[in-house]
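> I'd like to ask some things about the structure below.
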Amino acid sequence: MIVTRGLTKRYGKTVAVDGLSFTVPSGVVTGFLGPNGSGKSTTMRMIMGLDVPDAGAATVNGLLYDELRWPLREVGALLDAKAFHPGRTARQHLRWLAKSNEIPEGRVDEVLDIVGLTSVADQRAGKFSLGMGQRLGIAGALLGDPGVLLFDEPVNGLDPEGIRWARYLLRDLAAEGRTVLVSSHLISEMALTAERLVVIGRGTLIAETSVEDFSAQHQSEAVRVVTPTPQLMVTALSKAGARPTVSEDGGIVVTGVPSARIGEIAARASLTLHELTPIRASLEDAFMELTSDSVEYRSRERELVPAR
Amino acid sequence: MTIALSLPATTPAAREGRVGFRQAVAAEVSKLASLRSTKLLLGITVLGTMLVTFLSTNGAAHHARQWYQGFGWDPTNQAMAGLAIGSLALGVLGVLAISGEYGSGTMRSSLAAVPRRETLFAAKATVVGLFTLVVGEILSFVAFFFGQAILSTGVAPTAHLGQPGVLRAVVLTGAFLSLFALLGLGLGLIIRHTAGAIATFAGVTLLAPILLQTIAGHPAKYTPAIIFAQSVAAVVPQGNQLSATIGFVLMVLYTVAALAVGAVVLIKRDA
């Protein structure tokens with residue numbers, strides 16, 4: 001179990017993480033979500049003891065990271081990108097890690113096999129692709145067979161097969177009763193992998209919930225209506241308490257009432273319907289909306305439209 | 001697709017023992033031995049040292065007999081000339097032992113494995129120090145005997161270990177190489193970037209003596225490179241230089257200072 005309480009980190013005047021408290025239980029995959037620059041990596045670095053918090057604390061199984069007796073046998077971590085020397089082979093990298101925590105040498109070959117790097121075990125890691133580097137990082141995390149695992153953007157650079165593999169791996173690790181915290185800025189990925197979510201923005205907690213509840217709370221149902229008489233339709237819908245908005249293509253997007261009710265309203269007003277389609281706002285939309293105030297680096301879409 | 005993890009779901013973490021100095025040393029030995037740069041720098045050190053010692057002694061072996069009298073001919077020092085190469089290469093090895101970790105991100109793995117930074121520091125300094133001490137002593141003795149062998153092809157008077165001060169010069173010269181490596185390690189800990197740390201090391205060892213030469217009172221004699229060449233590796237005392245003992249102690253102080261600052265930076269600053 002990972003617990004953070006009032007975790008705070010400042011870099012000069014910028015507050016990277018601001019009084020962050022959350023709990024990561026064992027047995028399920030917990031997704032750690034937030035836009036780029038929201039403080040996910042900094043939080044993970046503080047859990048690992050790499051950065052010292054300005055206030056608050058993070059504990060793993062009730063202990064600060066540097067109090068762990070055999071850290072690699074209790075916590076496995078894949079932190080942002082590469083954490084190995086390009087001049088060493090994959091096997092050499094894992095070997096010195098194993099020595100540091102008295103992990104049997106045989107385990108090196110086992111984890112190389114688990115991540116599928118056996119055939120390139122004696123190649124220098126500097127020649128690895130991003131995806132192979134991620135796999136080596138995952139091998140390092142699994143080396144001590146730890147009960148707690150932290151993965152910072154593990155699917156970065158993996159190909160579709162690798163992404164699927166990582167997804168199953170994370171779920172299997174959790175199913176074995178381990179604590180698994182996975183950061184990502186893609187909620188669609190987390191929806192497929194995680195059961196619980198910790199959502200942060202600008203270093204503060206936005207939501208700590210299950211994926212199911214998150215979807216139920218933040219996904220709004222809407223219905224798209226196409227009719228030859230949009231003006232009359234909007235009036236009728238408004239009278240009935242729905243919230244219609246006319247979209248650019250002439251269709252109407254209605255929220256607040258289910259599609260069956262819209263059909264009834266149209267029938268009562270004797271209006272023709274050409275289309276009546278329920279649309280579901282994606283989880284992504286919900287996530288964007290939730291974190292819209294806390295996005296650090298926003299792209300300005302309009303500038304991409306060529307001037308007329 | 002299923003993944004066989006092939007180990008029991010949760011192996012309880014070992015209750016007894018903990019990661020300490022011994023484990024950290026084992027990891028550091030494994031790290032140092034598996035780096036290509038270690039082998040490369042060792043190769044440069046050995047070949048470079050022997051080449052320069054050959055050139056230095058071969059050039060000095062064939063003067064007329066009178067040439068060797070009256071100015072303090074020092075066959076030991078002549079043979080030690082090649083170790084200047086060793087001092088540079090092993091200093092770079094010391095820098096890379098730590099800056100390579102910061103540059104590649106290995107530092108994150110190192111601290112994940114050995115989170116107590118004072119333990120990590122002690123292990124790294126011990127391994128780099130002892131390894132370069134052994135290399136330095138072997139190199140120093142080999143250079144000495146090799147140099148005397150070359151000198152004896154000519155008419156030059158040669159030295160042997162039984163003569164006063166000769167054994168001391170050879171032993172301290174070997175140990176001095178280890179101090180260069182630890183000075184590099186200290187600078188690497190403070191600066192963290194390979195290029196910056198190597199530039200600083202080169203500045204201290206190569207540039208400082210040249211710059212200080214122009215200043216009255218010969219302050220250059222306090223720089224590591226001059227102590228190395230003129231005090232520690234010398235048997236025949238040279239005018240206006242530090243004695244071997246004072247020079248060696250001064251270099252130990254420089255090294256300890258660099259390591260102490262480096263240790264504080266490692267412990268206090270975010271990785």
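The values are calculated or read from the model by the stated rules, or taken from the named source; none is laboratory data. In this text, all values refer to a predicted model and were calculated from it rather than measured experimentally. Methodologically, a virtual Cβ is constructed for each residue, glycine included, from the backbone with ideal geometry; neighbour enumeration extends over all protein chains shown.
> Scan segment A:96-106 for residues that are buried (at least 20 other Cβ atoms within 10 Å of the Cβ) and either out of contact with any Gly (no Cβ under 8 Å at 6 or more places or on another chain) or outside any loop (DSSP other than H, G, I, E, B) (or both) and report the count.
5
> List every residue pair whose Cβ atoms lie under 9 Å apart, where the two residues are 6 or more positions apart in sequence or sit on different chains, the first residue falls within segment A:34-47 and is within 11 Å of A:Ala58 (Cβ to Cβ), and the second residue, located anywhere, is in a helix (DSSP H, G or I) and not aromatic (Phe, Trp, Tyr).
Close Cβ pairs satisfying both conditions: A:Arg45/B:Arg108.
> So A:Asn156 ticks every box in (1) closer than 28 Å to A:Thr193 by Cα; (2) assigned to a helix (DSSP H, G or I) but one. Which box is left unticked?
(2)
> Okay, moving on. Looking at segment A:142-164, which of its residues are in contact (Cβ under 8 Å) with a residue 12 or more places away in the chain and either of a type in the set (D, E, K, R) or at the interface with chain B (Cβ under 9 Å from one of its Cβ atoms) (or both)?
Scanning segment A:142-164 gives A:Leu142, A:Gly144, A:Asp145, A:Pro146, A:Gly147, A:Asp152, A:Glu153, A:Asp159.
> Out of all the residues in segment A:51-94, which are buried (at least 22 other Cβ atoms within 10 Å of the Cβ), closer than 20 Å to A:Gln134 by Cβ and at the interface with chain B (Cβ under 7 Å from one of its Cβ atoms)?
Those that are buried (at least 22 other Cβ atoms within 10 Å of the Cβ), closer than 20 Å to A:Gln134 by Cβ and at the interface with chain B (Cβ under 7 Å from one of its Cβ atoms): A:Leu72, A:Ala77, A:Leu79, A:Ala83, A:Phe84, A:His85, A:Arg88, A:Gln92.
> When you look at B:Gly94, is it touching a Gly at 6+ places or on another chain (Cβ under 9 Å), in contact (Cβ under 8 Å) with a residue 40 or more places away in the chain and of a type in the set (Gly, Ala, Ser), yes or no?
The answer is yes for B:Gly94.
> Which of the residues that make up segment B:238-253 are surrounded by 19 or more Cβ atoms within 10 Å (Cβ to Cβ) and within 16 Å of the chain's Cα centre (by Cα)?
Of everything in segment B:238-253, those that are surrounded by 19 or more Cβ atoms within 10 Å (Cβ to Cβ) and within 16 Å of the chain's Cα centre (by Cα) turn out to be B:Gly247, B:Phe248, B:Met251.
> Considering segment A:22-41 alone, what residues qualify as being surrounded by 22 or more Cβ atoms within 10 Å (Cβ to Cβ) and β-branched (Val, Ile, Thr)?
A:Val24, A:Val29, A:Thr30
> So, one more: Going through segment A:1-60 one residue at a time, which ones are over 18 Å from the mean Cα position of the chain (by Cα), in a loop (DSSP other than H, G, I, E, B) and hydrophobic (A, V, I, L, M, F, W, C)?
Those that are over 18 Å from the mean Cα position of the chain (by Cα), in a loop (DSSP other than H, G, I, E, B) and hydrophobic (A, V, I, L, M, F, W, C): A:Met1, A:Met48, A:Leu50, A:Val52.
> Then there's this: Can you tell me which condition B:Gln148 does not meet? The list is (1) modelled with pLDDT under 95; (2) in contact with a Pro (Cβ under 7 Å, 6 or more places away or on another chain), and all the others hold.
(1)
Each row is one residue, and each column tells you yes or no for (1) more than 19 Å from A:Gly37 (Cα to Cα); (2) in contact with a Gly (Cβ under 9 Å, 6 or more places away or on another chain); (3) at pLDDT 95 or above.
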site	(1), (2), (3)
A:Ala141	yes, yes, yes
A:Asp145	yes, yes, yes
A:Leu150	no, yes, yes
A:Ala174	yes, yes, yes
A:Glu189	no, yes, no
A:Ile200	no, yes, no
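> Please go through (1) among the polar types (S, T, N, Q); (2) without any contact (Cβ under 8 Å) to a residue 24 or more places away in the chain; (3) out of contact with any helix residue (DSSP H, G or I) (no Cβ under 9 Å at 6 or more places or on another chain) for A:Ser129 and return the number of the only condition it doesn't satisfy.
Tallying (1) among the polar types (S, T, N, Q); (2) without any contact (Cβ under 8 Å) to a residue 24 or more places away in the chain; (3) out of contact with any helix residue (DSSP H, G or I) (no Cβ under 9 Å at 6 or more places or on another chain), A:Ser129 fails exactly one: (2).
> All but one of (1) without any contact (Cβ under 8 Å) to a residue 40 or more places away in the chain; (2) closer than 22 Å to B:Leu206 by Cβ; (3) among the aliphatic types (A, V, I, L, M) hold for B:Ala112; which doesn't?
Going through (1) without any contact (Cβ under 8 Å) to a residue 40 or more places away in the chain; (2) closer than 22 Å to B:Leu206 by Cβ; (3) among the aliphatic types (A, V, I, L, M) one by one, B:Ala112 breaks only (2).
> Any idea which of (1) at pLDDT 95 or above; (2) more than 9 Å from chain B (Cβ to nearest Cβ); (3) surrounded by fewer than 21 Cβ atoms within 10 Å (Cβ to Cβ) is the one A:Met46 doesn't satisfy?
(3)
> What tally of residues in segment B:82-105 results from selecting those that are more than 14 Å from chain A (Cβ to nearest Cβ) and under 12 Å from the mean Cα position of the chain (by Cα)?
The number of residues fulfilling the criteria is 12.
> I need the full set of residues from segment A:212-236 which are modelled with pLDDT of 80 or more, in a helix (DSSP H, G or I) and touching a helix residue (DSSP H, G or I) at 6+ places or on another chain (Cβ under 6 Å), in order please.
A:Ala236
> Hey, can you tell me all the residues within segment A:34-43 that are in contact with a strand residue (DSSP E or B) (Cβ under 8 Å, 6 or more places away or on another chain) and either under 18 Å from A:Ile187 (Cα atoms) or at the interface with another protein chain (Cβ under 10 Å from one of its Cβ atoms) (or both)?
Correct list: A:Gly34, A:Pro35, A:Ser38, A:Gly39, A:Lys40, A:Ser41, A:Thr42.
> Got at least one residue in segment A:121-141 being within 11 Å of another protein chain (Cβ to nearest Cβ) and assigned to a strand (DSSP E or B)?
Checking segment A:121-141: at least one residue is within 11 Å of another protein chain (Cβ to nearest Cβ) and assigned to a strand (DSSP E or B).
> Could you tell me whether any residue of segment B:47-55 is part of a helix (DSSP H, G or I), surrounded by 15 or more Cβ atoms within 10 Å (Cβ to Cβ), at pLDDT 95 or above and within 9 Å of chain A (Cβ to nearest Cβ)?
Within segment B:47-55, not a single residue is part of a helix (DSSP H, G or I), surrounded by 15 or more Cβ atoms within 10 Å (Cβ to Cβ), at pLDDT 95 or above and within 9 Å of chain A (Cβ to nearest Cβ).
> Please tell me if A:Glu176 is surrounded by fewer than 20 Cβ atoms within 10 Å (Cβ to Cβ), without any contact (Cβ under 8 Å) to a residue 40 or more places away in the chain and either more than 30 Å from B:Gly20 (Cβ to Cβ) or touching a helix residue (DSSP H, G or I) at 6+ places or on another chain (Cβ under 9 Å) (or both).
no
> Check every one of the strands (runs of 3 or more DSSP E) wholly within segment A:237-286 and list those with 3 or more residues that are touching a residue at least 40 places away in the same chain (Cβ under 8 Å) and touching a strand residue (DSSP E or B) at 6+ places or on another chain (Cβ under 9 Å).
A:275-280
> Separate question: It is to be established whether one or more residues within segment B:197-211 are outside any helix (DSSP H, G or I), away from every other protein chain (no Cβ under 14 Å), under 19 Å from the mean Cα position of the chain (by Cα) and not β-branched (Val, Ile, Thr).
No: zero hits.
> β-branched (Val, Ile, Thr) and either modelled with pLDDT under 95 or in contact with a Lys or Arg (Cβ under 7 Å, 6 or more places away or on another chain) (or both): does that describe B:Thr153?
On the way: β-branched (Val, Ile, Thr): yes; either modelled with pLDDT under 95 or in contact with a Lys or Arg (Cβ under 7 Å, 6 or more places away or on another chain) (or both): yes.
For B:Thr153, the condition - β-branched (Val, Ile, Thr) and either modelled with pLDDT under 95 or in contact with a Lys or Arg (Cβ under 7 Å, 6 or more places away or on another chain) (or both) - is met.
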